[in-house]
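Readers should treat all values here as calculations from the given coordinates under stated rules, not as data from a laboratory. This one's a predicted model, so the numbers in the text were calculated from it and none came from an experiment. Every residue, glycine as well, gets a Cβ built from its backbone with ideal geometry; the counts of neighbours run over all protein chains shown.
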Amino acid sequence: MSDVAQYAVRDGIAVITLNNPPVNGLGNALRAGVMENLKKAEADPAVKAVVLIGSAKAFSGGADIREFGKPRLKPDLPDVNDQQDAMKKPLVAALGGFALGGGLELALGCHYRIALPKTQLGLPEVKLGILPGSGGTQRLPRMVPMAEAIRMMTTGDPISAEKAKEFGLVDEIAQGELLESALSYAKKILSQGAKPKRVRDLPPKIEGDVKAFFDEARAMVAKGSKGYPAPLKIVECAEAAATKPFDEGRKVERDNFAYLVGTTESAALRHMFFAERQTSKIPDVAEDTPTREVKKAAVIGAGTMGGGIAMSFVNAGIPVTLIDATQEAIDRGLKTIEKNYAATVSKGRLKQEDMDKRLGLIKKSIKIEDAKDADIVVEAVFERMDVKQDLFRKLDAIAKPGAILASNTSTLDVDKIAEATKRPQDVIGTHFFSPANVMRLLEVVRGKKTAKDVLATTMKLGKALKKVPVVSGVCDGFIGNRMIEKYGQQSLFLLDEGASPQQVDAAAQKWGLAMGPFTMGDMAGLDIGWEIRKRRYKERPDFVYSKVGDRIAELGRFGQKTGKGWYLYEPGNRKPVPDPEVEKIIDEYRKANDLKTRNISDDEIVERLIYALVNEGAKILEEGIALRASDIDMVYLTGYGFPPYRGGPMFYADTVGLSKVLSSIEKFSKGYMGAIWKPAPLLVKLAKDGRKFND
Ligand code: NAD
């Protein structure tokens, strides 16, 4: 008997228990164990029915993703399904916790299903760019109405046991303990003379004009799935379920599954899945490093960021003392928080009582001393070294021993901030992204002296706040902003050379970015980039910029907030409208600087923007600022609107091929402002060795 699939017989009913914690992943050993036990139950004359069960927490979370894209190990799940279909004895699935992906397909291979009230049932494969490859696309539409089956498979969102019962996907909701309920259910149906009821023999649940139904379904799904091939392939399989015999439908499913597993989009989504799980692994900080307790927080500065950070804490149930310098500032800050919550309540996404509970966890103050009980203090005051150092000096004097002192600085040297205290080991950067209560990215900036347990605690806290914490070393801009500066620099050079803001934005968006650089600038405020550049002109003469952006900002065109930036904005409307005035400004700038224009292709625009990110990313990796290429990818996927199906800039470069990326960079280095295109030595080396960033 296999350990992962246990076998027992109770009152003439064979019980096969999936025992592969934590989620009963359907790896090869488990599949083989289930297969063997099904055969054993079938052969045993004392057995009248079979119950297939996991734990109360998990029936099964589905396939082992690591097996995707590799040669299939036998028996695969379709083999197990075939054995289920061949059974002459009724087969009952007892579903606890969740039956997802292959887990639900295994349950669909059973003849009857009983579930605990809280069980979730779903086929989330689409989230990894694939489709249910073991009969799911054929069996689900025979159990639930076709429209619902398509919705479940194209969104990947699970349904509750109750909903599943309504649709007929679940036969009974267990009232008591799962195994006992399943055994009595099996006995009940045996006493009623139940026979195996194979899902494959049932008709698909669709009525009316099948062709019209699928035309509409395809149009709807196509609209919502740009860049992702899987959803339309799912509709194709569902259509096969409606129009072809079961085995032919299975073939359509099998072919489409094989196709999707091989796509770059699916590889990118799988990369993202693993990358997210990697970020908290820090080579020199053991996973079992004891962490400090974080039960109370203080946030200093109740402006744009401080307010959002305070919301992140109370959303996770951690009480916060929010402190600002004046009564007026703190009142304003709290009002904004209330307004934000109220908007969520009015959209029906938060209950009024939960809003009240969260607001009840925020205490406002204008005294730094009120941070003295906090386990962590996050500072989000003005971005000036003197202001930050002064504040950290004060915090050092009042914070309790062992409190973590965190700075939300986006550009300043965390080590210098730490120097203002006598406890640099407790100082760390927590770089939230705006809006801080919404954005998932949290760059955790490890200072030279940051203690390991402070780092481990902050990473754990980041997860508790539902963020994706990514470790960054100290450097100007950390991972994300250091890279985006190079991207912004290219976007301006493209204007110098003849492109228009709308051409650059359209090319970037068509490639998959949430928005192009100029629309993004208008949203963030053009004064911010302008301030940074002005500082650069003084501090870093090696940073070359086109001054065309300054010409726009000098006119007070700061973007959306002033109604004008790179584009025009109608009052109350965020839609960017191209502005002939901007065209004139750019043109005058070109003439004044004797710049020659040329036609620039969309492909070149995308390469220049994205490879600027990649080249800087390679330097960041080489310097050890980022721990791994996939961390850089996560920064861009969760903080900068990078399209998941591209897998992040470093993964994208891998899919293009690093030698191809390098040869484009070499070509750019001979073009306009070519001196800034120095290929990162790591890129050169990997390209030469035929390797990847994400090896
Ligand atoms: P903000 O101007 O909106 O808010 C700053 C707040 O700090 C103000 O309410 C101010 O009254 C208060 N303050 C200033 N000095 C103080 C002091 N000594 N004691 C108490 N309160 C004080 O600024 P912001 O945009 O929220 O930025 C805050 C920090 O976050 C900066 O370091 C910034 O670089 C960083 N950051 C900003 C963004 C962003 O998109 N705005 C993103 C990431 C990080």
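The mean sequence separation of alpha-carbon pairs under 8 Å and at least six residues apart, normalised by the residue count of segment 26-121, gives a relative contact order of 35 percent.
Of the trypsin sites (Lys or Arg not before Pro) found in segment 329-389, those in coil by DSSP whose Cβ has at most 13 other Cβ atoms within 10 Å are K347, R349, K351, K367, R384.
In the chain, the C-alpha radius of gyration followed by the widest Cα-Cα span (Dmax) gives 28.9, 94 angstrom. Taking trypsin sites (Lys or Arg not before Pro) across segment 66-105, the ones in a DSSP loop with at most 11 further Cβ atoms lying within 10 angstrom of their Cβ are K88. Per-residue 3J(HN,Hα) values for segment 549-566, derived from phi via the Karplus relation 6.51 cos²θ - 1.76 cosθ + 1.60 with θ = phi - 60°, read x, 5, 4, 6, 5, 4, 7, x, 8, 9, x, 3, 5, 10, x, 8, x, 6 Hz in sequence order (x marks Gly and Pro).
Give me H431, H111 sorted ascending by neighbouring Cβ count inside 10 Å, so fewest comes first.
H111, H431
Once backbone amide H atoms are built at 1.01 Å from N, L442 has V468, V470 as its partners under 5 Å, excluding neighbours fewer than 5 places away on the same chain.
Listed by Cβ neighbour count within 10 Å, with the fewest neighbours leading, R270, R574, R551 appear as R574, R551, R270.
Pairs from the list K416/K510; K205/K226; K538/K561; K422/K561; K584/K660; K70/K619 with a Cα-Cα gap above 30 Å: K416/K510; K422/K561; K584/K660; K70/K619. Extent of segment 507-589 along its three principal axes (Cα atoms, max minus min coordinate, largest first): 37, 29, 23 Å. Computed from Cα positions, the angle between helix 385-398 and the longest principal axis of the chain comes to roughly 60 degrees. Note on V387 and K460: their simple-model spin labels are 3.3 nm apart, each label 7 Å out from Cα toward Cβ. For the chain, the longest principal axis of the alpha carbon atoms and the long axis of helix 602-622 meet at an angle near 90°. Return the whole-Å distance between the Cα centroid of segment 3-24 and the Cα centroid of segment 129-173. If you average the Cα positions of each part, the centres end up 25 Å apart. Roughly what angle does helix 246-261 make with the longest principal axis of the chain, taking Cα atoms, 0 to 90 degrees, to the nearest 10? For 246-261 against the chain, the angle is about 30 degrees.
Suppose only helical runs count, i.e. DSSP H with n ≥ 4. What mean residue ellipticity at 222 nm does that imply for the chain under -39500 (n - 2.57) per run, divided by all residues and rounded to the nearest 500 deg cm²/dmol? Mean residue ellipticity at 222 nm (helix-derived): -15000 deg cm²/dmol.
Lysine pair count for segment 309-378 with Cα-Cα distance under 20 Å and sequence separation of 8 or more or different chains is 14.
The GluC sites (Glu not before Pro) found in segment 538-642 that occupy coil by DSSP, while having at most 13 further C-beta atoms within 10 Å, are E623. Normalised by the number of residues in segment 182-266, the average gap of Cα pairs under 8 Å and 6 or more apart makes the relative contact order 26 percent.
Counting only DSSP beta bridges with both residues in the chain, the antiparallel share comes to about 30 percent. Mean sequence separation of contacting Cα pairs (under 8 Å, at least six apart), scaled by the length of segment 389-498, corresponds to a relative contact order of 23 percent.
Put simply, the amide H of A374, placed in the peptide plane, has neighbours under 5 Å in K400, leaving out anything fewer than 5 places away on its chain. Taking a ≥ b ≥ c as the square roots of the eigenvalues of the Cα gyration tensor of segment 565-674, is the shape rounded (a/c under 1.5), prolate (a/b larger than b/c) or oblate? Here segment 565-674 falls in the oblate category.
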